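This report refers to the structure that appears directly beneath it.
The values are calculated or read from the model by the stated rules, or taken from the named source; none is laboratory data. Just so it is clear, the model here is predicted, and its values are computed rather than measured. When we count neighbours, we look across all protein chains shown, and the Cβ atoms used for this are built from the backbone with ideal geometry, even at glycine. Calculation scope for accessible area: heavy atoms of the full protein, side chains included, ligands and nucleic acids excluded. Shrake-Rupley method; radii C 1.70, N 1.55, O 1.52, S 1.80 Å.
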Amino acid sequence: MNPKVDAFFARTEQWHDELQQLRTFLLDCGLTEELKWGQPCYSLGKANISILGGFKDYCVLNFVKGALIKDTQKILVQQTKNSQSVRILKFTSVKEIMDLESVIKAYIFEAIELEKAGLKVAYKKTEDYDFPEELQTKFDADPGFKSAFDKLTPGRQRGYLLHFSGAKQSSTRTNRIESCVAKIMIGKGFQDCTCGLSKRMPRCDGSHKQIK
């Protein structure tokens with residue numbers, strides 16, 4: 001057990017017992033325990049296998065490459081509709097976890113074997129994402145903006161495409177594009193602050209303060 005994770009559990013009240021039981025399963029399977037992004041993370045060598053987390057209505061066992069797991073019991077859930085790799089198991093009680101002990105451990109071992117085999121998730125390419133007509137219109141009107149967008153990393157491009165195409169109305173898509181022009185022009189991603197830090201934990205809290 002990692003002392004940093006011990007400290008995490010010492011200050012965790014909601015889902016404490018459930019997460020502690022899942023922790024036991026992960027350690028039983030021989031994974032290394034660390035604290036990453038403020039959450040208990042379990043790895044094989046340098047590869048992250050699973051992350052534990054708690055939400056208002058449930059706690060989760062997160063499989064980083066869950067999309068590769070066969071999921072014979074049909075219990076894995078896509079974390080978000082745009083999640084290509086991560087799959088999660090949701091729990092609301094220790095009993096629920098204990099009833100699935102053999103299945104959970106089987107999934108953990110399968111995730112370990114997938115990592116040992118070097119298998120990777122086949123991610124969608126940028127060109128496979130929905131490309132809003134409104135964005136093309138903006139490109140045609142402002143070649144400098146198109147050049148700045150093309151210079152973004154593929155991950156940042158995908159982040160913007162998801163944000164833009166997520167709006168149902170054309171006017172909303174246009175507004176989203178216009179609101180992001182300044183950040184795109186200076187090479188920032190949708191999740192990046194203009195302060196140079198990322199709003200993604202644990203780097204920037206959104207008020208341009210470093211999170212330690």
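Below is a table of values for the structure above.
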{"item": "For the chain, accessible area per residue (1.4 Å probe, heavy atoms of protein chains only), Å²", "result": "58"}
{"item": "FRET efficiency estimate (nearest 0.05) - Cβ-Cβ, residue 124 to residue 10, R0 35 angstrom", "result": "0.30"}
{"item": "Inter-part distance where segment 13-83 and segment 129-174 are each reduced to a Cα centre, Å", "result": "33"}
{"item": "Gyration tensor verdict on segment 15-69 (Cα atoms; rounded if a/c is under 1.5, prolate if a/b is larger than b/c, oblate otherwise)", "result": "prolate"}
{"item": "Rough spin-label spacing in nm, given labels placed 7 Å along Cα→Cβ, for residue 2 and residue 90", "result": "2.7"}
{"item": "Packing-based ranking, highest mean first, of 60-70, 39-49, 180-190 given that Cβ atoms within 10 Å are counted", "result": "60-70, 39-49, 180-190"}
{"item": "Extension gain, residue 20 back to residue 147 (0.36 nm per residue minus Cα-Cα distance, nm)", "result": "40.8 nm"}
{"item": "Estimated vicinal HN-Hα couplings, Hz - segment 70-81 in sequence order (Karplus 6.51, -1.76, 1.60; Gly, Pro = x)", "result": "5, 6, 5, 8, 6, 10, 6, 10, 5, 4, 9, 5"}
{"item": "5 angstrom amide H check on residue 187, placed H, neighbours 5+ away", "result": "none"}
{"item": "Sites matching trypsin sites (Lys or Arg not before Pro) across segment 111-148 that sit in DSSP coil, with at most 13 neighbouring C-beta atoms within 10 Å", "result": "120, 124, 125"}
{"item": "Ordering of 128-135, 19-26 by burial proxy (mean other Cβ atoms within 10 Å per residue, highest first)", "result": "19-26, 128-135"}
{"item": "Helix 16-28 axis, angle to the chain major axis (alpha carbon atoms, nearest 10°)", "result": "80"}
{"item": "Square roots of 5 times each gyration tensor eigenvalue, C-alpha, the chain, largest first, Å", "result": "37, 20, 16"}
{"item": "Filter on 138/168; 81/168; 138/188; 151/188; 36/125 - keep pairs with C-alpha separation over 20 Å", "result": "36/125"}
{"item": "Extension gain (nm, one decimal) between residue 182 and residue 117, 0.36 nm per residue minus Cα-Cα", "result": "19.1 nm"}
{"item": "Fraction of accessible area attributable to carbon and sulfur, segment 106-194 (%, probe 1.4 Å)", "result": "51"}
